[in-house]
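Read the structure below first, then the notes.
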Amino acid sequence: MKAYNAKRDFDITLEPPGKTRRGKAGFAYVIQQHDATRMHFDFRLELDGVLLSWAVPKGPSLSVHEQRLAVQTEDHPLDYRHFEGEIPHGEYGGGPVIVWDRGTWQPEGDPHHGLDKGHLSFVIDGEKLQGRFQLLRVRGRSKAPERGPKSQWLLVKRDDEHARSGADAEPTQRLPRSVISGKTVQQIGNGAGDAACDKTDDAPMPSLDSIEPQLAQWVDGLPRAGHYRYEIKFDRYRVLAMIDGGRAQLHSRNGLDWTTHVPAVRDALAKHSASTSRRRWPISSRSATSPR
């Protein structure tokens with residue numbers, strides 16, 4: 001994680017600090033679309049407590065005849081698989097990021113042996129991508145190192161029932177939206193969806209009486225058409241967050257002050273305010289666990 005941490009100022013960026021997570025091994029997979037100096041897709045596989053990462057300029061293809069360049073970058077922390085938002089300009093990788101796809105991966109054989117040999121085969125089970133893929137290390141074609149960051153690989157789809165051709169083989173063009181927020185990377189970069197929060201510093205703070213938190217609603221069944229997402233309703237509390245002058249305040253739907261009950265949320269929102277240098281109100285209506 002030294003290379004990851006050295007490139008970032010965590011007093012400015014909202015990216016998670018780098019640390020290797022020890023304990024039960026998992027096989028998380030994520031692809032993040034990142035509009036930095038150039039648009040690209042960051043392909044990440046969990047192994048040994050970190051996310052192995054490759055930058056794929058054209059994104060993954062579902063065609064068995066396509067070989068997509070994948071340049072290995074520094075390992076990222078596991079928490080990075082949840083990161084979506086704007087990396088401040090001037091910071092390393094400045095620009096908007098969305099979680100384009102997420103799920104799990106399963107190596108075929110020993111993944112450490114595959115990485116050493118430059119031939120890693122695996123199966124993806126994501127929300128957008130499924131099926132068998134390979135990462136093949138490129139040898140002797142450039143001055144890039146053969147192992148580690150900046151080494152060059154090819155991301156290749158293997159032939160199975162999930163392979164496609166023609167326009168159907170380009171999922172990043174057919175499915176451009178985040179699996180978390182439903183936004184495109186351009187909308188994240190433009191602040192789309194924040195119109196209700198994106199006021200000027202001269203705008204007055206609204207009163208609590210004028211704001212209602214978003215509440216769950218009983219329905220007989222899920223919608224059968226349109227782009228809908230849903231989540232299970234847990235027995236928690238809805239909280240409104242307001243930020244003014246770098247100070248965050250949190251209140252329940254009944255107007256009770258919860259600012260001291262959830263200090264981690266309060267501090268994260270205050271840090272967010274400092275990094276954007278704008279007044280934002282309300283941030284959103286979220287579900288917070290009750291204090292113990």
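The values are calculated or read from the model by the stated rules, or taken from the named source; none is laboratory data. Just so it is clear, the model here is predicted, and its values are computed rather than measured. Here the Cβ is made from the backbone with ideal geometry for all residues, glycine too, and neighbour counts use every protein chain on show.
What do you reckon, is residue 86 among the acidic types (Asp, Glu), surrounded by fewer than 21 Cβ atoms within 10 Å (Cβ to Cβ) and out of contact with any Leu (no Cβ under 7 Å at 6 or more places or on another chain)?
Numbers: among the acidic types (Asp, Glu): yes; surrounded by fewer than 21 Cβ atoms within 10 Å (Cβ to Cβ): yes; out of contact with any Leu (no Cβ under 7 Å at 6 or more places or on another chain): yes.
Yes, satisfied.
Select, from 107, 176, 171, 96, the only residue that is surrounded by fewer than 17 Cβ atoms within 10 Å (Cβ to Cβ) and on the phi < 0 side of the Ramachandran plot. So that I can check it myself, show each step before the final result.
Details: 107 fails: surrounded by fewer than 17 Cβ atoms within 10 Å (Cβ to Cβ); 171 fails: surrounded by fewer than 17 Cβ atoms within 10 Å (Cβ to Cβ); 96 fails: surrounded by fewer than 17 Cβ atoms within 10 Å (Cβ to Cβ).
Going through 107, 176, 171, 96 in turn, the sole match is 176.
Please find, among 131, 103, 109, the residue that is of a type in the set (Gly, Ala, Ser) and within 16 Å of residue 32 (Cα to Cα).
Numbers: 131 fails: within 16 Å of residue 32 (Cα to Cα); 109 fails: within 16 Å of residue 32 (Cα to Cα).
After applying the criteria, what remains is 103.
Return the residue satisfying two criteria in turn: it lies in region 1-12 and is in contact (Cβ under 8 Å) with a residue 24 or more places away in the chain and among the aliphatic types (A, V, I, L, M), and of such residues it is farthest from residue 82 (Cα to Cα).
Going through the qualifying residues, I end up with 3.
Identify, from the list 64, 123, the residue that is in contact (Cβ under 8 Å) with a residue 60 or more places away in the chain, hydrophobic (A, V, I, L, M, F, W, C), surrounded by fewer than 20 Cβ atoms within 10 Å (Cβ to Cβ) and touching a Lys or Arg at 6+ places or on another chain (Cβ under 7 Å). Lay out the reasoning, then the answer.
On the way: 123 fails: in contact (Cβ under 8 Å) with a residue 60 or more places away in the chain.
So the residue among 64, 123 that is in contact (Cβ under 8 Å) with a residue 60 or more places away in the chain, hydrophobic (A, V, I, L, M, F, W, C), surrounded by fewer than 20 Cβ atoms within 10 Å (Cβ to Cβ) and touching a Lys or Arg at 6+ places or on another chain (Cβ under 7 Å) is 64.
Provide a single number: the residues in region 250-267 that are in contact (Cβ under 8 Å) with a residue 40 or more places away in the chain and of a type in the set (Gly, Ala, Ser). If you could, list the steps in order and put the result at the bottom.
Kept after step one, since they are in contact (Cβ under 8 Å) with a residue 40 or more places away in the chain, are these residues of region 250-267: 251, 253, 255.
Okay, now just the ones that are also of a type in the set (Gly, Ala, Ser), so 255.
Of the residues in that region, 1 qualify.
Return the only residue of 15, 46 being touching a strand residue (DSSP E or B) at 6+ places or on another chain (Cβ under 7 Å), without any contact (Cβ under 8 Å) to a residue 60 or more places away in the chain, crowded, with 20+ Cβ neighbours inside 10 Å and outside any helix (DSSP H, G or I). So that I can check it myself, show each step before the final result.
Values: 15 fails: without any contact (Cβ under 8 Å) to a residue 60 or more places away in the chain.
Going through 15, 46 in turn, the sole match is 46.
Could you tell me how many of the residues in region 18-43 are loosely packed, with under 15 Cβ neighbours inside 10 Å and among the hydroxyl-bearing types (Ser, Thr, Tyr)?
Residues in region 18-43 being loosely packed, with under 15 Cβ neighbours inside 10 Å and among the hydroxyl-bearing types (Ser, Thr, Tyr): 2 in total.
Sort through 124, 188 and tell me the only one that's among the aliphatic types (A, V, I, L, M), modelled with pLDDT under 95 and in contact with a Gly (Cβ under 8 Å, 6 or more places away or on another chain).
Values: 124 fails: modelled with pLDDT under 95.
Result: 188 is the single residue among 124, 188 that is among the aliphatic types (A, V, I, L, M), modelled with pLDDT under 95 and in contact with a Gly (Cβ under 8 Å, 6 or more places away or on another chain).
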